[in-house]
Amino acid sequence: MRLPGSLPLLAILLPSLALPAILPDTIGDWQKGTPTAALNPDPMVWQEYGLQDSESASYTAHGQTYTISAWRFADATGAYAAMDQVRPKDATSITVTDVGLETATDELVTVGNYLFIFKGYKPKPEELNHVIGTAPRYAQSRIPTLPKHLPPGGVPNSERYIVGPASLAAFAPAISPGTAAFHFDSEAAVARYKVTGGEATLLVFSYPTMEMARNRLPAFQAIPGATVKRAGPLVALTLN
């Protein structure tokens, strides 16, 4: 039921249902402020990554304030891929349960199907554990292993993850969705590398079987300027 020109009646009567609580009310001495939906940096790509819910809130204690933003995805691949897209250029890796990055002031963490960004604060381990432990519909699953096939030495924090047409258009528009053949459940890891005269883009596509990868090889080889190689179920190609 809708009221004319208004939100659904249920959302008016039960606003908490319109914004599911993800973050805890307190984290030690830190008190939660009024929550909002977390900013979605790329709606089409993050929908493809499986974004389900989000929340952002400030936390205050002892005259200090910082912000946590949380996004819940369908699985760990979506959370991992989203972190790749928003990783700061000056971020460095840190050791956490799954994947973590930090800058001089912030910390980014993916755990299970969640991405958390702490702005203006780096949580203590027990604080991070509390945030994760109280997150609803948390699901632990394996993060993608495909990025390990990218060689070292790439442009720092240029890594991106491709799971469908939207992320392909965002990070490798020279490749058509038909060439990538996502109906074969393909995925790709991508990064940039310094080369003489500029930068080149390297992608590694993964297919469920060697036969599928072999089937796609001619289509990748037809991309102008691409250098292509297949190894088992993987197809690697450089652009530019």
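For the chain, the Cα gyration tensor yields ellipsoid semi-axes of 37, 22, 15 Å (square root of five times each eigenvalue, largest first, whole Å).
Given +1 at the Cβ of Lys and Arg, -1 at the Cβ of Asp and Glu and no other charges, the dipole of the range 130-240 around its Cα centre is 140 debye to the nearest 20. Working from Cα pairs under 8 Å separated by at least six residues, relative contact order for the chain is 13 percent. Leaving out ligands, DNA and RNA, and with a 1.4 Å probe, what % of the accessible surface on the chain is carbon or sulfur? Taking all protein chains in place, the chain shows 57 percent carbon and sulfur surface.
Other residues within the sphere of radius under 11 Å centred on the Cβ of PHE171, judged by their own Cβ, net out at -1 (K and R +1, D and E -1).
Ordering 54-60, 34-40, 185-191 by mean Cβ neighbour count within 10 Å, with the highest value first, yields 185-191, 54-60, 34-40.
Size of the dipole of the chain about the Cα centre, Lys and Arg at +1 and Asp and Glu at -1 on the beta carbon, nothing else charged, in debye to 20?
I would put it at about 580 debye.
Across the range 34-49, computed HN-Hα scalar couplings (Karplus, 6.51 cos²θ - 1.76 cosθ + 1.60, θ = phi - 60°) run 5, x, 9, 5, 6, 4, 9, x, 8, x, 5, 5, 6, 5, 5, 6 Hz from first to last residue, x flagging Gly and Pro. Ordering LEU101, SER186, ASN157 by Cα displacement along the dipole of the chain toward the positive end leaves SER186 in first place; charges were set at the Cβ atoms of Lys, Arg (+1) and Asp, Glu (-1). Residues in the range 35-56, backbone N under 14 Å from the label point at THR65 (7 Å along the Cα-to-beta-carbon vector): list them, ranges by number please. Once the point is set 7 Å along Cα→Cβ of THR65, 35-36 turn out to lie under 14 Å by backbone N, inside the range 35-56.
Bridgeable lysines around LYS229 (alpha carbons under 19 Å apart, same-chain partners fewer than 8 residues away excluded): LYS148. Note that the chain presents 51 Å² accessible area per residue, ligands and nucleic acids not counted, probe 1.4 Å.
For LYS122, go through the lysines and keep the ones whose alpha-carbon is under 17 Å away, minus same-chain ones fewer than eight residues off. Filter leaves LYS32.
The values are calculated or read from the model by the stated rules, or taken from the named source; none is laboratory data. Just so it is clear, the structure is predicted and the values come from calculations on it, not from any experiment. Don't worry about glycine lacking a Cβ; one is built from the backbone with ideal geometry, like all the others, and counts go over all protein chains shown. Heavy atoms of the whole protein, side chains included, go into the accessibility calculation; ligands, DNA and RNA do not. Shrake-Rupley method; radii C 1.70, N 1.55, O 1.52, S 1.80 Å.
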